[in-house]
Amino acid sequence: MKLIVGLGNPGTQYADTRHNVGFDVVERLAKRHGVSVSKRNFKGVYGEGFIGAEKIILLRPMTYMNLSGQAVSALCHFYKIAAQDILVILDDVALETGRLRLRFKGSAGGHNGLANIIQMMGTDEIPRFRVGVGASRQGEMVNHVLGKFRKEEREEMEVAYEIASDAIEYAVKEGFEKAMNRYNVNVKPTKETSSEPRL
């Protein structure tokens, strides 16, 4: 079983903001696979389904970003899911808007939601899908991540959500290492490269 966690903040005021990229990707996956993300427990909203033959749980923590690990650890404890079987989707200000980067382990890189998951799970060996939202201007980090995408960025993000969903499906079916080799490309993905990422 894989736990797929999309990070974000609950509430309509945070919908479609850069910090809610994880929520948006989980919604795409839910639609693709007919999963109803509507059960309320473990300090989150979740749903169970399948990607191929693999059982999955899609989770959106409802704790607000900085306490995301509470929902993740509670659900993992109940379902006996190992840290290595968690797939976390999060926004990344260090990546160009729309770029995808997969990492198996490492620091949170300044992302408080991932930092709390690492703390609560007691390991940094947690696979993560970082989706670029672009850098903020100096001193404007909070307004940047809690702000909505500009009109010219929205099309890029639509492509990014589709590619991130493809990458997660591939990781579930083929393994995370193969997904890293396939999706950690040196060029920015576009509609033309989304189905077959290449150098």
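What is the residue count in the range 125-179 for residues that are part of a loop (DSSP other than H, G, I, E, B) and polar (S, T, N, Q)? Even if it seems obvious, please write down each step before you answer.
Applying the first criterion (part of a loop (DSSP other than H, G, I, E, B)) to the range 125-179 yields 125-127, 133-140, 146-147, 149-150, 175.
Retained after the next criterion (residues that are polar (S, T, N, Q)): 136, 138.
Selection size over the range 125-179: 2.
For the range 119-137, a residue qualifies if it is in contact (Cβ under 8 Å) with a residue 24 or more places away in the chain and charged (D, E, K, R), and the qualifying residues are E125, R128, R130.
Residues in the range 104-125 that are surrounded by fewer than 23 Cβ atoms within 10 Å (Cβ to Cβ), of a type in the set (A, V, I, L, M) and in contact with a helix residue (DSSP H, G or I) (Cβ under 7 Å, 6 or more places away or on another chain): 3 in all.
How many of the residues in the range 16-59 are in a loop (DSSP other than H, G, I, E, B) and among the hydrophobic types (A, V, I, L, M, F, W, C)? Reasoning before the result, please.
Let us first name the residues in the range 16-59 that are in a loop (DSSP other than H, G, I, E, B), namely 16, 34-38, 42-43, 52-53.
Narrowing further to those that are among the hydrophobic types (A, V, I, L, M, F, W, C): 35, 37, 42, 53.
Residues meeting the conditions: 4.
One line per residue, one yes/no per condition, for (1) out of contact with any strand residue (DSSP E or B) (no Cβ under 8 Å at 6 or more places or on another chain); (2) surrounded by fewer than 23 Cβ atoms within 10 Å (Cβ to Cβ):
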{"position": "M65", "(1), (2)": "yes, no"}
{"position": "V72", "(1), (2)": "no, no"}
{"position": "A83", "(1), (2)": "yes, yes"}
{"position": "V88", "(1), (2)": "no, no"}
{"position": "A94", "(1), (2)": "no, yes"}
{"position": "R101", "(1), (2)": "no, yes"}
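Within the range 114-166, the set of residues being within 19 Å of G6 (Cβ to Cβ) and among the β-branched types (V, I, T) comprises I117, I118, I126, V131, V133, V145, V159, I163.
Only the coordinates and a few stated rules stand behind these numbers; no lab work does. These numbers were taken from a predicted model, which means no experiment stands behind them. Virtual Cβ from ideal backbone geometry, glycine too; neighbours counted across all protein chains shown.
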